[in-house]
Amino acid sequence: LPQETTTLDTNVSVCLSCSPGNIIGSGIFISPKGVLEHAGSVGLSLIVWVCGGGICALGSMCYAELGVTIPKSGGDYSYVTEIFGGLVGFLLLWSAVLIMYPTTLAVIALTFSNYVLQPAFQNCVPPYLATRLLSTICILFLTWVNCSSVRWATRIQDVFTVAKLLALGLIIAVGLVQICRGHYDALRPSQAFEFTRDPSVGQIALAFLQASFAFSGWNFLNYVTEEVVEPRKNLPRAIYISIPLVTLVYTLTNIAYFSSMTPEELLASNAVAVTFGEKLLGVFSWVMPISVALSTFGGINGYLFTSSRLCFSGAREGHLPYLLAMIHLKNCTPIPALLVCCGATIVILCIGETHNLINYVSFINFLSYGVTIAGLLYYRWKRPNLLRPIKVSVLVPISYLVFWAVLLGFSLYSEPVVCGMGIVIMLTGVPVYFVGVHWKNKPRCVYRVVGE
């Protein structure tokens with residue numbers, strides 16, 4: 001590693017970080033079960049998917065303004081640090097490094113291993129040890145790829161983006177054929193709103209958390225703003241195209257699922273797309289697990305790529321050890337940051353269960369989004385004369401924050417342990433900030449340990 005930080009390879013395909021291909025990952029192959037379970041009916045679950053896309057659209061409009069007003073890489077972290085100062089920015093960074101990225105990577109890796117192993121264990125759940133071992137191998141391999149070459153990582157992303165879109169295209173096409181043949185009993189209004197239990201606001205909030213996991217990635221272009229050519233034009237363009245397209249794809253995919261499976265069959269399935277393929281594709285049912293495995297494989301690669309950018313930004317601001325800002329002199333890859341993310345992901349793989357991990361990471365994600373968008377309103381009040389190439393209506397952030405407060409409040413009420421644990425872990429960053437960042441005159445031995 002060089003002694004000084006070098007510039008990241010600017011030949012990276014920036015579309016990697018916010019295109020529909022990066023938003024669409026494992027979520028659409030695993031979240032439908034969680035959304036249906038908490039929503040309680042087919043009709044309400046479809047409403048949750050559509051409204052989830054609408055909420056992401058409101059958030060993305062706010063992020064477009066922030067991206068061109070504060071043109072720094074690092075996304076939420078850079079904006080909150082600029083607006084609220086070091087402590088709030090550090091807590092956001094702390095939760096992202098310890099919770100958001102490793103947990104998301106763990107969920108996607110577990111989805112990958114479940115879909116690879118499910119054909120071999122058709123009548124039961126794949127063994128715990130086998131799924132964790134395969135997930136770990138996948139994480140280690142892609143970490144090695146990202147450490148070795150930025151070009152390899154971007155090529156993998158391009159190839160596997162095509163694979164995941166083809167998988168969803170196949171599901172949607174087959175589902176539409178089923179509907180044309182009259183197989184849509186579960187979608188009839190008389191049955192679609194038959195609730196398996198009495199709906200509650202708390203359960204609907206958890207359904208939104210499950211859906212939001214599938215939409216995570218809508219703000220990733222903000223993490224590499226400095227590498228975007230003409231961000232004033234391309235940042236909002238990428239966001240405005242991605243969100244409606246992904247919402248349409250997700251809604252049609254769920255409709256396709258319900259055209260071939262009853263709600264009970266979907267809830268009983270360990271791999272929804274595999275069950276869909278077995279029912280409709282016959283001898284070609286092997287296509288679905290392979291396609292989903294390729295999709296999730298690309299998703300892991302994309303998250304590893306983005307997490308290294310966040311660590312780079314944090315270390316550049318002095319909020320993380322200088323070691324994490326170092327780039328390999330020849331390969332131009334952030335090896336220390338990638339190794340930290342890889343290690344944290346493997347630890348979470350060994351202790352978490354997929355459904356709870358999704359609620360856990362989605363709660364923290366929404367918490368971060370809300371703080372960032374609240375910062376947009378505060379920054380308008382604090383710096384009213386600042387040039388803003390994009391300025392959204394004040395009703396957009398206010399509408400988002402109202403939904404945000406209701407969602408987090410009822411989610412915390414319904415899952416106090418899972419959601420509360422995320423808040424506790426975030427708050428553990430307070431003493432770390434004051435000791436590691438705020439305390440300037442530390443002994444020399446401390447600086448040697450953190451690599452400064």
*Report the label-to-label distance for V406 and L248 in nanometres (one decimal), using points 7 Å from each Cα along the Cα→Cβ vector.*
2.8 nm
*Over what distance in Å are the Cα centres of region 49-104 and region 261-324 separated?*
21 Å
*Please work out the Cα convex hull volume for region 19-151 and give it in Å³ per residue.*
170 Å³
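Using C-alpha positions alone, give me the convex hull volume of the chain per residue in cubic angstrom. The partial results should precede the final answer.
Working: hull volume 63.1 nm³, N = 452.
Dividing the Cα hull volume of the chain by its residue count gives 140 Å³.
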*Take region 206-331, drop everything but the C-alpha atoms, weight them equally and run the Debye formula without solvent; then report log10 I(q)/I(0) at 0.20, 0.21 Å⁻¹ to two decimals.*
-1.24, -1.31
*Which value, in Å² and to the nearest 10, is the accessible area of I243 when all protein chains are kept and the probe is 1.4 Å?*
10 Å²
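Just the ratio, please: alpha-carbon radius of gyration of region 348-449 over 2.2 N^0.38 Å, N its number of residues. Please list the in-between numbers first.
Working: Rg = 18.5 Å, N = 102, 2.2 N^0.38 = 12.8 Å.
That works out to 1.45 for region 348-449.
What accessible area per residue, rounded to a whole number of Å², is obtained for the chain using a probe radius of 1.4 Å?
Per residue, the chain has 41 Å² of solvent-accessible surface.
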*Measure out, as a whole number of angstrom, how far apart the alpha-carbon centroids of region 115-167 and region 336-369 sit.*
17 Å
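What percent does the relative contact order of region 290-358 come to when contacts are Cα pairs within less than 8 Å and at least six residues apart? Each step should come with its number before you reach the end.
Working: 44 pairs, mean separation 15.2, N = 69.
The value is 22 percent.
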*For F366, F160, F121, write out the residues from largest to smallest accessible area, computed with a 1.4 angstrom probe and no ligands counted.*
F121, F160, F366
*Cα-Cα over 20 Å: which of K233/K391; K382/K440; K233/K382?*
K382/K440; K233/K382
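Using only alpha carbon pairs under 8 Å that are at least six residues apart, calculate the relative contact order of region 311-452 and give it in whole percent. Present the calculation step by step, with values, prior to reporting the outcome.
Working: 80 pairs, mean separation 41.4, N = 142.
Relative contact order of region 311-452: 29 percent.
Determine the share of region 192-302's accessible area contributed by carbon and sulfur atoms, expressed in whole percent, with a 1.4 angstrom probe.
Details: 2720 of 4220 Å².
Ligands and nucleic acids excluded, carbon and sulfur give 65 percent.
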*Under a cut-off of 23 Å between alpha-carbon atoms, report the lysines in cross-link reach of K279, not counting same-chain residues fewer than 8 places apart.*
K33, K164
*At a Förster distance of 60 Å, what's the computed FRET efficiency of H438 paired with D198, Cβ-Cβ distance as r, to 0.05?*
0.75
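May I ask you to list the trypsin sites (Lys or Arg not before Pro) in region 359-452 that are in a DSSP loop and have at most 16 other Cβ atoms within 10 Å of their Cβ?
Details: sites: R380, K382, K391, K440, R444, R448; in loops: K391, K440.
Within region 359-452, the qualifying trypsin sites (Lys or Arg not before Pro) (loop, at most 16 other Cβ atoms within 10 Å) are K391, K440.
Can you tell me how much longer the chain between L267 and L140 gets when fully stretched, taken as 0.36 nm per residue apart minus their C-alpha distance, in nm with one decimal? Display every interim value, and only then the final one.
On the way: separation 127, 0.36 × 127 = 45.72 nm, distance 3.14 nm.
Net length gain for the segment: 42.6 nm.
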*Inter-label distance, nm, simple model (7 Å from Cα along the C-beta direction), Y413/R232*: 4.6 nm
*asked:* On the principal axes of its Cα set, how long, how wide and how thick is region 294-352? Give whole Å, largest value first.
replied: 32, 25, 16
_Can you tell me, using C-alpha contacts under 8 Å and at least 6 residues apart, the relative contact order of region 27-135 as a whole percent?_
15 percent
*For region 77-218, what is the largest minus smallest coordinate of the Cα atoms on each principal axis, given in angstrom and ordered from greatest to least?*
55, 39, 31
_Heavy atoms only, 1.4 Å probe, whole protein assembly: order D76, D185 by accessible area, highest first._
D185, D76
*³J(HN,Hα) computed for each position of region 33-40 - Karplus, 6.51 cos²θ - 1.76 cosθ + 1.60, integer Hz, glycine/proline x*: 5, x, 5, 5, 4, 7, 6, x
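The values are calculated or read from the model by the stated rules, or taken from the named source; none is laboratory data. It should be emphasised that the depicted structure is a prediction, and the values quoted were computed from it without experimental measurement. A quick note on method: Cβ atoms are made from the backbone with ideal geometry, for glycine too, and the neighbour counts reach across all protein chains shown. Ligands, DNA and RNA are excluded from the accessible area calculation, which covers all protein heavy atoms including side chains. Shrake-Rupley method; radii C 1.70, N 1.55, O 1.52, S 1.80 Å.
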